[in-house]
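**Q** One structure follows; several queries about it will come next.
The values are calculated or read from the model by the stated rules, or taken from the named source; none is laboratory data. The structure displayed is predicted, hence computed values, not measured ones. Cβ placement follows ideal geometry from the backbone for every residue including glycine, while neighbour counts extend to all protein chains displayed.
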Amino acid sequence: MGFSVQIGAFSQLDNAVRLEQSLTRHGVDAYYFLHESGLYKVRFGNHEQYADARSEAERLQSQGIIGRFFIVIPEEYAAARIQRSGEGDLRAELVVTARRFLGVPYRWGGEDRNNGFDCSGLTMVSYRLNGLNLPRNSRMQYRAGRSVAKKDLQQGDLVFFATKGGKRVTHVGMYIGGGKFIHAPRTGKTVRVANLSNSFFKKTYVGGRSYL
């Protein structure tokens, strides 16, 4: 990830969702997330230059779409920090980020707009917050990664399922080790941990992918 713009600091999830959806309607690739402070915030943009990120933010600000903003620099991401220092575990950071959403009634204006929900939003946000630009929908995520056998899965890898039958990917979660993964099940359900040995997930499992 390059330079991004961060806005908002909401105690209520719905406020962050509305801001994310407003930006999306204006053609901005925005996503909300639960910050480690416990507040919901929104980010958008992936620019090579600081000036470009600031220019996009100021344009939206002048139109009254956003208020105050903060530019996130690439060096602040875990991926860059670990690469620079040689210390830390990016896989562990990915899992820590995903775990932050446990219990959250995750709502996402993604692929399945009728339900206002997209499981791939959880995985995309977890990766982007750590500096890795993962595609937005589950099928693109599946195509982007390299194949990993189930026995070789490591924490931070993604696991994919064809929950509607066949082999077409319709669901994704993040593997956290011990045969378990974090996922956003469906509308009305909270983000939770599930087991790959569960009969449903065992039956619908398509494969695992790594991006590291």
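**Q** Kindly provide the set of residues from the range 133-145 that are farther than 13 Å from HIS171 by Cα and either within 10 Å of the chain's Cα centre (by Cα) or without any contact (Cβ under 8 Å) to a residue 60 or more places away in the chain (or both), ordered by number. Don't jump to the end; show me each part of the working.
**A** To start, the set of residues in the range 133-145 that are farther than 13 Å from HIS171 by Cα comprises 133-135, 143-145.
Once the filter is applied, which keeps residues that are farther than 13 Å from HIS171 by Cα and either within 10 Å of the chain's Cα centre (by Cα) or without any contact (Cβ under 8 Å) to a residue 60 or more places away in the chain (or both), the range 133-145 yields ASN133, LEU134, PRO135, ARG143.
**Q** I would also like to ask the following. Could you tell me whether LEU102 is at pLDDT below 90, aliphatic (A, V, I, L, M) and touching a helix residue (DSSP H, G or I) at 6+ places or on another chain (Cβ under 8 Å)?
**A** Working: at pLDDT below 90: yes; aliphatic (A, V, I, L, M): yes; touching a helix residue (DSSP H, G or I) at 6+ places or on another chain (Cβ under 8 Å): no.
No.
**Q** To continue, here is another question. Of everything in the range 16-74, what is surrounded by 13 or more Cβ atoms within 10 Å (Cβ to Cβ), farther than 17 Å from ASN130 by Cβ and basic (Lys, Arg)? Give them in sequence order.
**A** Scanning the range 16-74 gives ARG18, ARG54.
**Q** Test each condition in (1) of a type in the set (Val, Ile, Thr); (2) farther than 27 Å from TYR175 by Cβ; (3) at pLDDT 95 or above for VAL28 and report the one that comes out false.
**A** Result: VAL28 fails condition (3) only.
**Q** Going through the range 64-84 one residue at a time, which ones are in a loop (DSSP other than H, G, I, E, B) and without any contact (Cβ under 8 Å) to a residue 12 or more places away in the chain?
**A** GLY64
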